[in-house]
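Report on the following structure.
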Amino acid sequence: MVDDRMTAMRKDRMAVLARGSTARLHELWRAVGLDPAYRMLRGPEFGLVMLRGRVGGTGHAFNLGEASVTRASVRLEDGSIGHAMALGRDIAKAKLSAVIDALCSSDDVAARIEMAVIEPIRAELNEADETMRRQTAATRVDFFTMARGED
Amino acid sequence: MIVDADVLEGGFTNPVLESQSTFRILMDAMARPACVVRIEAAIAPPATLGIAAGAVACTLIDADTPYWLDVVFESDALHRWLAFHTGGRRAATMADAVFALVGMPCAMPSFDRFAQGSHEYPDRSATLILQLESLDGGEPFTFEGPGIKERATIAPRGLPANFVEQWSANRKRFPRGVDLVLTAGHELACLPRSARLISAKD
Amino acid sequence: MYVAVKGGETAINNAHRLLADRRRGNRAVPSLTLDQITEQLALGVDRVMSEGSLYDRRLAALAIKQARGDLIEAIFLVRAYRTTLPRFGHSEPLDTEAMLVQRRISACYKDLPGGQLLGPTFDYTHRLLDDELDGDPQVEQGGQRVESHESIARVPDILDREGLVEEDYGSDEVAEPGDINQTPMSFPLDRSMRLQALARGDEGFLLALGYSTQRGYARSHPFAGEIRIGEVDVEVFMPELGFAVPIGRVQVTECQMVNQFKGSAKAPPQFTRGYGLVFGQSERKAMAMSLCDRALRAEELGEDIVAPAQDQEFVVSHCDNVQATGFVEHLKLPHYVDFQAELVLVRRMRAEHEDRADVASAEVREAAE
């Protein structure tokens, strides 16, 4: 159970890092003031991921087309390991995301990073989603029946 | 989730350059059958896998080429190491493997149980990477064929006992058939399916 | 037959230089930025992404700039770049039901959960050129309306409840889906490989074929069950972590075409389905794709194959515009020797033809005399 919860938190953090903008991430990261030494285990490198859809939306998987991705894996001096993968071709973001992932092996640091970096970006992303939903909702058709003029 | 750190270590330190130079050496070796060459890649595969076999695996295997491990290599750690450094996934069955890593060739399944390719697509066959005790000091085998000036002899130790019969059978399936990469420590030699075994002595 | 000839290096170098010059055009006009292209020519970027088969807006924009706006050339550039990158793996299948919807309409049901959401569509514009866009007018933000977070069910799932639409292909993963990038095509292709080919197929080609099915060549009575555009999360399973990692979102367009079907020996009368899924906002392409997908299911559904849109070898072999342009444009390459051989042949045939004509007229003369 603890593992599941940890995995869910880690996935959520990775989702925010993958979607957040590099500039915003660096800005918030600088304020945290952490700069651990690390070694690359793999990458950072560009590559492709084949995106899959499902036939009819719910059936068998099929290959839709590829997307560019960047990934990185790092190891900190204390042995903690971090991974990152995100759509697009941003080496700096992938490296920093992997370092953040590794640092979050420690619950204390994770809490600090969550508060200072992840939560603000998550809030901004959610706000942008909400704006998009509301803009789409404004284009919703409200059907009404014309009065027949019988009186 | 804490992952055993060892499986994440030991890949090429410079994947692009080292896989390119290993590929070049391998390609030359494939073009000159039975000629022993040396691999000097900065790679540290998990204990059971040698430098040459590990470098070849990291050079050739990727997400699109399922691989197979024999009983000696079969271990969770090696699967995870290969998954991390090559993106490769294990083949569903031996016959689906594009590459096979064999740690104990003398007890391996016969060559014909791996993918042989078809007459239309002979390239859809398996490449078997055999890790031997050594590439010399064993029973000498002499080959001729494309890429060999007159004759080439190699005397690896640890090949399957019925290698002569198996290789002749492989040769008879031409253009279908498997190709072999023989490795031992840092050393490597190739036996493409086009190499004809002419005698077990001489 | 090709014969190696040398020469023309200077001409080629100067042609490249001239191309770069013309691409830049009048230096008094500011150079286009990639941000301008991705923001303001977004649908062209989407087309290059989907037919280039590579989701990366910035690369697609770069390709459009480099190709001077020639989208097929841009698609070619993207396809070429794609081959230089290693493939790290594949995503979990995209869940279009969980889409953050930007547009969703159905031509089958007026009232449906989630409603008809028009989104940023050209549909109700009057197609009158807008002089104001000749300048840089102030544009207001999209309007907003408080939204109830109602779930937006897929229309085929609604039809499904009545049992009047064919069941979807089982979602159990029987095998890895085939990949036309990796395996040489051999016909017949299964539906998943056909969909991959259609997803990157030329919009114009698929549009024309889809249109042909409506005009009676493989008539399949289509209704736009649902079209939805929006963003979906992408997750990739990372073996070293043991779970699927979210790596961001992509925008896709999905079209579920619902078609009347009289039934066959195997299946009762019901609605059948055609499916389209395309990168970015590419509604016309998604609709054309779903019409073609349905037409290509003729054999599976026991229909007679009578029209080009039902012939999978014809459709799949010719829908790729990079292949098509390569083969058509290769005719520009020198064929000097071929042509010389043809010249000799035609001259000889002509001479023989004239000889025969002379003989014939001589015979006629002789007969007359």
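No lab work stands behind these numbers, since they all come straight from the coordinates. Here the structure is a predicted model, which means the values were calculated and not measured. Note that each Cβ is placed from the backbone with ideal geometry, even for glycine, and that neighbours are counted across all protein chains shown.
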Task: Rounded to the nearest 20 debye, dipole of the protein assembly as shown from Cβ charges on Lys, Arg, Asp, Glu - done: 1340 debye
Task: Expected-Rg normalisation [2.2 N^0.38 Å, Cα atoms] applied to the protein assembly as shown - done: 1.15
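What does the structure give for A:110-116 when I average, per residue, the other chain Cβ atoms found within 10 Å of the residue Cβ? Please list the in-between numbers first.
Working: counts 0, 0, 0, 0, 0, 0, 0.
Shielding by partners across A:110-116 averages 0.
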TODO: Shielding by partners for A:12-18, please: the mean number of other protein chain Cβ atoms within 10 Å of each residue's Cβ.
DONE: 4
Open item on the list: Taking the Cα centre as origin and putting +1 on Lys and Arg beta-carbons and -1 on Asp and Glu beta-carbons, what dipole magnitude results for chain C, to the nearest 20 debye?
Closed with: 920 debye
- [ ] Mind checking the range A:78-151 for GluC sites (Glu not before Pro) that DSSP puts in a loop (not H, G, I, E or B) and that have at most 10 other Cβ atoms within 10 Å?
- [x] A:GLU150
- [ ] Calculate for chain B the 222 nm mean residue ellipticity that helices alone would give, adding -39,500 (n - 2.57) per DSSP H run of length 4 or more and normalising by residue count, nearest 500 deg cm²/dmol.
- [x] -7500 deg cm²/dmol
Task: Within straight-line cross-link reach of C:LYS65, aspartates and glutamates at Cα separation under 18 Å, skipping those fewer than 8 residues along the same chain - done: C:ASP21, C:ASP35, C:GLU39, C:ASP46, C:GLU51, C:ASP56, C:GLU73
Task: Fully extended contour minus Cα-Cα distance, from A:ALA138 to A:ASP107, at 0.36 nm per residue - done: 6.9 nm
TODO: Report the one residue of C:ALA368, B:THR153, B:VAL56 whose Cα lies farthest in the direction of the positive end of the charge dipole of the protein assembly as shown (charges on C-beta: Lys and Arg +1, Asp and Glu -1; origin at the Cα centre).
DONE: B:THR153
Task: Furthest towards positive pole of dipole, C:ALA288, C:GLY248, C:SER220, structure part the range C:220-305, Cβ charges - done: C:SER220
Task: Label-zone membership for the range A:114-139, site A:ALA31, 7 angstrom Cα→C-beta point, backbone N under 18 Å - done: A:114-128
Task: Separation of the C:LEU331 and B:GLU139 label points, Cα + 7 Å toward Cβ, nm - done: 6.3 nm
Open item on the list: Counting just the Cα atoms, what span does the range C:11-82 cover along each of its three principal axes? Round to the nearest Å and put the largest first.
Closed with: 34, 27, 14
Task: Per-peptide average of other Cβ atoms within 10 Å, ordering C:305-318, B:159-172 highest first - done: C:305-318, B:159-172
Open item on the list: Over all directions, the average projected area of the alpha-carbon convex hull for chain C comes to how many nm²?
Closed with: 32.3 nm²
TODO: Return one number: the angle in degrees, 0 to 90 and rounded to the nearest 10, between the long axis of the Cα atoms of helix A:2-19 and the longest principal axis of the Cα atoms of chain A.
DONE: 80 degrees
- [ ] Would you compute, from DSSP H runs of 4+ residues alone, the mean residue ellipticity of chain C at 222 nm, taking -39500 (n - 2.57) per run and dividing by the full residue count, rounded to the nearest 500?
- [x] -12000 deg cm²/dmol
- [ ] Quick one: order C:HIS221, B:HIS85, C:HIS16 by neighbouring beta-carbon count within 10 Å, fewest to most.
- [x] C:HIS16, C:HIS221, B:HIS85
Task: Shielding by other protein chains, C:183-196, mean Cβ within 10 Å - done: 3
- [ ] Calculate the spin-label point distance for C:ILE305 paired with C:ALA265, positioning each point 7 Å from the Cα along the beta-carbon direction, and give it in nanometres.
- [x] 1.8 nm
- [ ] Straight distance only, please: which lysines reach the Cα of C:LYS110 with their own Cα at less than 28 Å, same-chain residues fewer than 8 apart left out?
- [x] C:LYS262, C:LYS285
Task: Simple Cβ-charge dipole of the range A:2-151, Lys/Arg +1 and Asp/Glu -1, about Cα centre, in debye nearest 20 - done: 560 debye
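So how do C:117-124, C:349-356 stack up, highest first, on mean other-Cβ count within 10 Å?
C:117-124, C:349-356
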TODO: Taking every Cα atom in the range A:2-127, find the radius of gyration and the maximum pairwise distance Dmax, and write them in Å.
DONE: 15.6, 49
TODO: For chain B, return all DSSP H helices satisfying: extent of Cα atoms along own axis at least 18 Å; mean Kyte-Doolittle hydropathy at least -0.5.
DONE: B:15-31
TODO: Please name which of C:SER50, C:LEU77, C:ALA20 has its Cα lying farthest along the dipole of the range C:11-82 towards the positive end, using unit charges on Cβ (Lys, Arg +1; Asp, Glu -1) and the Cα centre as origin.
DONE: C:ALA20
Open item on the list: Cut-off under 14 Å on the C-alpha distance; same-chain residues fewer than 8 positions from A:LYS93 excluded. Which aspartates and glutamates are left, in chain and number order?
Closed with: A:GLU27, A:GLU45, A:ASP101
